[in-house]
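Derivation of every value follows stated rules applied to the coordinates shown; laboratory data play no part. Computed from a prediction, not measured in an experiment: that's the story for all the values here. Don't worry about glycine lacking a Cβ; one is built from the backbone with ideal geometry, like all the others, and counts go over all protein chains shown.
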Amino acid sequence: MLAFVVLTAASSFAAVHAANFTYCSEIGSVSISTITLDPEELVVGQSVQVNVTGETKVAAENPVIAVDVTHEGVSYLNNVQVELCYLPDNYSESGDQIIECPIGAGRFQYSFPSPVVPTIVPSGKYGLTLNLADGGGPLVCVRLNVTVVSGAQTSLR
């Protein structure tokens, strides 16, 4: 479940849907332009393609993301640390890393598949808080809400 949450959060549908996200602190050294999910739906037993674009003002040697997850108001994960430079792309034939480090300053675009949503993940509304930091301190914090369903009908709000 952790891998699902971290990568999303989360595919064969054609439409790409922008995820509504908010900053949970002042915009730091990293600004996020878009987060999209394809398909928009987070369906148990399926994967979703995650696309993130933005810009960073500073290079990041070893960025770490802290993940907090709530489900219908109950905290399930709190401050789970994931080193982004060590996430292998287990979903491609090459097995290359998803993010090559160090990450240089400038515009960025990352696209990666989430793991398949495990069957033990209950349907409902999830809140994700993602805090990105490097050895020099916080870079950006964003929040987004997703809905997970066991069927083909979901929404992202």
Packing-based exposure ordering (other Cβ within 10 Å, fewest first) of ARG107, ARG143: ARG107, ARG143
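When VAL50, VAL116 are ordered from fewest to most other Cβ atoms inside 10 Å of their Cβ, what list results?
VAL116, VAL50
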Inter-probe distance in nm under a simple model that places probes 7 Å from Cα toward Cβ, at GLU72 and GLU100: 4.5 nm
